[in-house]
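Here's the structure, in structure tokens; my notes come after.
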């Protein structure tokens with residue numbers, strides 16, 4: 001079990017019954033730089049064509065950095081003795097990046113994944129068929 005270091009993710013892990021999730025910076029929400037604290041609407045008022053996974057954030061993370069962090073999380077979780085299973089409590093944008101890194105597609109694909117709060121998502125390795133998103137955004 002893994003959690004972002006941010007309180008809302010750690011609290012969710014505890015509420016779900018996972019009091020001792022391993023905290024990792026790899027699951028921290030995307031660094032929005034100068035856009036931190038702004039809503040998507042406020043950002044698009046300044047930059048109407050802005051898209052996080054294509055453009056990143058000025059003074060924050062680039063899409064390539066977010067994808068690399070998501071890939072690093074996958075590698076870390078896969079290297080742990082978890083009997084092939086890992087649970088992650090984190091934030092929408094980084095979890096969407098983890099999903100696309102899991103299936104080895106471009107980070108821009110994450111923009112097309114709707115992810116609501118408090119949902120269950122299952123990423124699975126199907127062996128000879130490769131990695132799949134087996135369940136997404138289930139309440």
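Against the chain, whose longest principal axis is taken from its Cα atoms, helix 92-102 shows a tilt of about 60°.
Taking N as the number of residues in region 1-76, what is its Cα Rg relative to 2.2 N^0.38 Å?
Scaled against compact globular proteins, the figure is 1.28.
As a check on your grasp of the helix formula, calculate [θ] at 222 nm for the chain: sum -39500 (n - 2.57) over DSSP H runs of n ≥ 4, divide by the residue count, round to the nearest 500.
-10000 deg cm²/dmol
The fraction of Cα-Cα pairs per 10 angstrom bin, counted from 0 for region 2-138, comes to 12, 41, 35, 10, 1 percent, rounded to whole percents. One Cα centroid belongs to region 11-59, the other to region 60-79; the line between them spans 14 Å.
Axis angle, to the nearest 10 degrees, between helix 63-79 and the longest C-alpha principal axis of the chain: 10 degrees. Take the Cβ atoms of residue 134 and residue 22, set R0 to 22 Å, and the FRET efficiency comes out at 0.45.
Per-residue Cβ neighbour counts within 10 Å put 66, 120 in the sequence 120, 66, beginning with the fewest. With the contact rule set at Cα under 8 Å and sequence spacing of 6 or more, what percent relative contact order holds for region 2-138? Averaging sequence separation for qualifying contacts and normalising by length gives 23 percent for region 2-138. For the chain, DSSP calls about 55 percent of its internal beta bridges antiparallel.
Readers should treat all values here as calculations from the given coordinates under stated rules, not as data from a laboratory. Note that this is a predicted model, so its numbers are computed, not measured. Cβ: placed from backbone, ideal geometry, glycine included. Neighbour counts: every protein chain shown.
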